[in-house]
Structure formats: structure tokens, C-alpha cells
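Novice: After the C-alpha cells below, expect a handful of questions from me.
The values are calculated or read from the model by the stated rules, or taken from the named source; none is laboratory data. This one's a predicted model, so the numbers in the text were calculated from it and none came from an experiment. Here the Cβ positions follow ideal geometry from the backbone for every residue, glycine too, while neighbour counts run over all protein chains shown. Surface areas here come from the heavy atoms of the whole protein model, side chains and all, with no ligands, DNA or RNA. Shrake-Rupley method; radii C 1.70, N 1.55, O 1.52, S 1.80 Å.
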Amino acid sequence: MIAGQAFTTGVIERKSFERVLPNTYVDYSMKDGLGCNIPSAAEKSGGKPVPDLHLNEHATCYHIKDRGLIVISSCGHTGIVNTTAARP
């Protein structure tokens, strides 16, 4: 929570009918200090690029007094239903 109104959802769980479309690929390992750094996913993929499931996607939310909730979904790969159902 930031200033009593802004917060992040944290990693968004996929509980609704929405699914991530595997239309991009990702390498989950670190190379020269850069990369996703998800060791379990890198091990599972054998160090090769695999369909990107956007494992760490999150959204930024603001609670605006007398206005309601504003949700910025970033890329939105996990779907807006999953995003708005996320609990910080």
C-alpha cells in the first residue's frame, strides 16, 4: 500500500476462464546477469526458450476517494477478470 491508495496485486492467479495465449517465447534463465531468473522454470525448460506464460505479471491499482478502484493491468496477458479478482 502506498499513501493509503495505491497497491500492486502481486502475482496474478489464473482462476477464471481466461487463459494466457502462448504466442511469445521466453528464456527463464539468467545470462550475463540479465533475464527472468526463475530457476525452477529454467530447469523445467532445460534452458531453452518456451511459450511465455507471463508467470510474474501483476497490476497496479489505485483506490481513489469517492471515485472507486482504478486498475492498470500492464500487458493484461493474465486477463482482466483474473486481474480484478486478484487480492493484494
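Novice: Taking the condition of being open to solvent by less than 60 Å² (accessible area, probe 1.4 Å) and either in contact with a helix residue (DSSP H, G or I) (Cβ under 6 Å, 6 or more places away or on another chain) or farther than 17 Å from Thr60 by Cβ (or both), how many residues in the stretch 1-16 meet it?
Specialist: 2
Novice: Give the number of residues within the stretch 35-60 that are part of a loop (DSSP other than H, G, I, E, B) and not polar (S, T, N, Q).
Specialist: Looking only at that region, the number is 13.
Novice: To continue, here is another question. Which one is farthest from Thr8 (Cα to Cα), of the residues in the stretch 63-80 that are open to solvent by 80 Å² or more (accessible area, probe 1.4 Å) and in contact (Cβ under 8 Å) with a residue 24 or more places away in the chain?
Specialist: Taking the candidates together, the pick is Lys65.
Novice: Restricted to the stretch 25-49, and to residues that are among the polar types (S, T, N, Q) and more than 15 Å from the chain's Cα centre (by Cα), which residue is farthest from Ile70 (Cα to Cα)?
Specialist: Only one residue fits best here, namely Ser45.
Novice: Counting just the residues of the stretch 69-88 that are closer than 15 Å to Gly4 by Cβ and in a strand (DSSP E or B), which one comes out farthest from the chain's Cα centre (by Cα)?
Specialist: Within the stretch 69-88, the match that is farthest from the chain's Cα centre (by Cα) is Leu69.
Novice: Kindly evaluate Arg19 against the criterion of being closer than 17 Å to Glu57 by Cβ and either more than 17 Å from the chain's Cα centre (by Cα) or surrounded by 15 or more Cβ atoms within 10 Å (Cβ to Cβ) (or both).
Specialist: The answer is no for Arg19.
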